[in-house]
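The structure under discussion appears below in the form of structure tokens.
The values are calculated or read from the model by the stated rules, or taken from the named source; none is laboratory data. Note that the coordinates shown come from a computational prediction; the quantities given were computed from them, not determined experimentally. Here Cβ is always computed from backbone atoms with ideal geometry, including for glycine, and neighbour counts include all displayed protein chains. Each accessible area value is taken on the protein alone, full model and side chains, heavy atoms only, with ligands, DNA and RNA left out. Shrake-Rupley method; radii C 1.70, N 1.55, O 1.52, S 1.80 Å.
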Amino acid sequence: MIVLDGKKVAAEKRAKLREFLTSCKAKGVRMPKLAIVIVGHNPASETYVANKMKACAEVGIEVEKIAFEADITERQLLTEIRKLNRDKSVDGFIVQLPLPEHISEAKVLTTIDYRKDVDGLTPMSIGRSVQGLPAIPSATPSGIRTLLEYYQIPTAGKHVVVIGRSNIVGKPMALMLMQRPYLSLPSVSAAALGDATVTVCHSKTQDLAAICRTADIIIVAAGCPGLLTAEMVKPGATVIDVGINRVEDPASPRGYKLVGDVDFEHVSQVAGAISPVPGGVGPMTIASLLSNVVAVYDMNVPGYKVSE
Ligand code: NDP
């Protein structure tokens, strides 16, 4: 059984980005800039943002955190997003989700210029991907793709079961896997994964276990600790655990620990390859975000723009 070490793969990816940006700096070219918009004080979001900022600094991406109080109106936030769309000093930006209930995530994502959408979550980015047009890939699915590529786990002709149908993980993941070898921004990745037969499951799916047992690869993004058990996994299958769940842990100084959606202890005895939590998909998501920023920057610097 292979443990898919996202921490290691992400570190290698970051090192390559750092090397590229160091060479740009040596030529006197400006460095890329990412802006991160955060609304309110959700502790998990603040941790994610801090991790993203640290990772940016490590590779040489300039990063600006733009924080708003939770009572900012939707209208004010949309105005700030439009400013970022126009700001030539910013290569890309993200709005950390979730947002307070009075702000429509759909409206926010629709307002972000897809050419700066380095999370790859706007309707334009996803729609362009559906049609095989150049688009910035969604960060988490893209990170999973890189992990599968790194460990040379083929997807062509394989049956992949994706558990979860969210706009940020499940749907773009399923799309990426079912595509003819995926088209993205030319410099993001030369990824050739795709060509899978994909089944997407959700909370209304009947007999999830039976469906999972037919899968060569299972990608779980449900936010449900322990959802995938050993009985649901075909011997030798690859299991990717996207879930990040906080569960109480009196032994931890924080009072909680992070677990995924997979019963790692037992599934790892059946699976051929499995990603751990933490240290699997999480670091890969951040590495993909950095890679998306650098890809957009790489096009902006010589004056190239994503073709319309
Ligand atoms: P959502 O809550 O938006 O979606 C969860 C999906 O899982 C839904 O489609 C839901 O079905 C389905 N689901 C929930 N329970 C079950 C069940 N018992 N059986 C089958 N399907 C179920 O979550 P996200 O997609 O945003 O995130 C999923 C998980 O991944 C979370 O733990 C999140 O923290 C984590 N995550 C991790 C990232 C990383 O970088 N590692 C990045 C993003 C998310 P239905 O649609 O019917 O409600």
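Residue pairs whose Cβ atoms lie under 8 Å apart, sitting 6 or more positions apart in sequence or on different chains, and linking a residue in the stretch 105-130 that is open to solvent by 30 Å² or more (accessible area, probe 1.4 Å) to a partner that is aromatic (Phe, Trp, Tyr), are 124/114.
Within the stretch 180-202, identify whether any single residue is near the ligand (Cβ under 10 Å from one of its atoms), more than 23 Å from residue 128 (Cα to Cα) and modelled with pLDDT of 90 or more, and answer yes or no. Yes, there is a match, as at least one residue in the stretch 180-202 is near the ligand (Cβ under 10 Å from one of its atoms), more than 23 Å from residue 128 (Cα to Cα) and modelled with pLDDT of 90 or more. Taking the criterion of being out of contact with any Ser or Thr (no Cβ under 6 Å at 6 or more places or on another chain), modelled with pLDDT of 95 or more and buried (at least 24 other Cβ atoms within 10 Å of the Cβ), would at least one residue in the stretch 249-259 satisfy it? No; the residues of the stretch 249-259 include none that is out of contact with any Ser or Thr (no Cβ under 6 Å at 6 or more places or on another chain), modelled with pLDDT of 95 or more and buried (at least 24 other Cβ atoms within 10 Å of the Cβ). In the set (1) crowded, with 18+ Cβ neighbours inside 10 Å; (2) near the ligand (Cβ under 9 Å from one of its atoms); (3) not in a helix (DSSP H, G or I), the condition left unmet by residue 285 is number (3).
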